[in-house]
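Please read the structure below before turning to the comments.
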Amino acid sequence: KQEVTQIPAALSVPEGENLVLNCSFTDSAIYNLQWFRQDPGKGLTSLLLIQSSQREQTSGRLNASLDKSSGRSTLYIAASQPGDSATYLCAVPNGANSKLTFGKGITLSVRP
Amino acid sequence: GAGVSQSPRYKVAKRGQDVALRCDPISGHVSLFWYQQALGQGPEFLTYFQNEAQLDKSGLPSDRFFAERPEGSVSTLKIQRTQQEDSAVYLCASSPARMVGVYGELFFGEGSRLTVL
């Protein structure tokens, strides 16, 4: 059974800091890995999707990497801003047309 | 509509009551998922539809949970005889893709927060 782990559960950093959020998964036979953002009381918004054939994806100040063999992904946020404060979740699919398995998320607080 | 719409956004139920949660997916989206998110946890899969066919209901926690999508668009998640452990946010997500696990296009609604007293 696929298990997705995100540690730590919470992180607080000062504005402007570059930071890395980690995600690990137990079954490396995945099609892709996705990072989501969730604001309080809201649904999930997809940030980046990395296919298994890719090693990284970039969108603005966000860069996500994927190392299937070691079962790890990182989300790098450059020059963090208070508006980046949210919960970040990673997820991997169980099969081609199937459900996602999510980590518990990392709640990020960026202090002005 | 512009996005996935869920209603009600908030529902308070007394233990033992039945509740129905509605999901309006993005028009034309083939795939529809329901997830349950407890406080401080990641979403947990409940069930999956492709058009009107319920292809996977392995995540439904008990036979008190029932989901349908009779015309392949709007979906309803029904919980009978609610219990306190059912308190959670219920998220609906839709995708234009059949093979969501491969293509990953998934759009979430804002969820329905259920509180069972």
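The values are calculated or read from the model by the stated rules, or taken from the named source; none is laboratory data. Here the structure is a predicted model, which means the values were calculated and not measured. Reconstructed Cβ throughout: ideal geometry from the backbone, glycine too, with neighbour counts over all protein chains shown.
Identify all residues within the stretch A:28-61 that are free of Cβ contacts under 8 Å to residues at least 60 places away in the same chain, within 14 Å of another protein chain (Cβ to nearest Cβ) and either in contact with a His (Cβ under 6 Å, 6 or more places away or on another chain) or not in a strand (DSSP E or B) (or both); write none if there are none.
Within the stretch A:28-61, A:A29, A:D39, A:P40, A:G41, A:K42, A:G43, A:S52, A:S53, A:Q54 meet the criteria.
Can you tell me how many residues in the stretch B:70-117 are surrounded by fewer than 21 Cβ atoms within 10 Å (Cβ to Cβ), away from every other protein chain (no Cβ under 14 Å) and within 30 Å of A:A29 (Cβ to Cβ)?
Counting residues in the stretch B:70-117 that are surrounded by fewer than 21 Cβ atoms within 10 Å (Cβ to Cβ), away from every other protein chain (no Cβ under 14 Å) and within 30 Å of A:A29 (Cβ to Cβ) gives 0.
Restricting attention to the stretch A:9-26, which residues are more than 11 Å from the chain's Cα centre (by Cα), closer than 15 Å to A:G103 by Cα and away from chain B (no Cβ under 13 Å)?
Selection gives A:T26 alone.
Can you name every residue in the stretch B:30-47 that is surrounded by fewer than 17 Cβ atoms within 10 Å (Cβ to Cβ), at the interface with chain A (Cβ under 9 Å from one of its Cβ atoms) and of a type in the set (G, A, S)?
B:G40
Is at least one residue of the stretch B:42-58 assigned to a loop (DSSP other than H, G, I, E, B), touching a helix residue (DSSP H, G or I) at 6+ places or on another chain (Cβ under 9 Å) and either within 22 Å of A:L89 (Cβ to Cβ) or at pLDDT below 95 (or both)?
No, there is no match, as no residue in the stretch B:42-58 is assigned to a loop (DSSP other than H, G, I, E, B), touching a helix residue (DSSP H, G or I) at 6+ places or on another chain (Cβ under 9 Å) and either within 22 Å of A:L89 (Cβ to Cβ) or at pLDDT below 95 (or both).
Would you pick out the residues in the stretch B:5-20 that are of a type outside the set (D, E, K, R) and assigned to a loop (DSSP other than H, G, I, E, B)?
If the condition is that a residue be of a type outside the set (D, E, K, R) and assigned to a loop (DSSP other than H, G, I, E, B), then B:P8, B:G16, B:Q17 are the ones that fit.
Quick one: which residue in A:A64, A:A10 is in contact with a strand residue (DSSP E or B) (Cβ under 6 Å, 6 or more places away or on another chain), within 19 Å of A:T87 (Cβ to Cβ), of a type in the set (G, A, S) and in contact (Cβ under 8 Å) with a residue 60 or more places away in the chain?
A:A10
Can you name the residue in the stretch A:1-60 that is among the hydrophobic types (A, V, I, L, M, F, W, C) and in contact with a Cys (Cβ under 7 Å, 6 or more places away or on another chain) and, of all such residues, is surrounded by the fewest Cβ atoms within 10 Å (Cβ to Cβ)?
My answer is A:V4.
Given the residues A:S70, A:S80, which is the only one that is surrounded by fewer than 17 Cβ atoms within 10 Å (Cβ to Cβ) and away from chain B (no Cβ under 14 Å)?
From the options A:S70, A:S80, the qualifying one is A:S70.
Is it the case, given these coordinates, that B:Q17 is at the interface with chain A (Cβ under 10 Å from one of its Cβ atoms) and polar (S, T, N, Q)?
Spelling it out, it is not the case that B:Q17 is at the interface with chain A (Cβ under 10 Å from one of its Cβ atoms) and polar (S, T, N, Q).
Being within 12 Å of B:V89 (Cβ to Cβ), part of a strand (DSSP E or B) and of a type in the set (F, W, Y) is the requirement here; does B:Y35 meet it?
It is true that B:Y35 is within 12 Å of B:V89 (Cβ to Cβ), part of a strand (DSSP E or B) and of a type in the set (F, W, Y).
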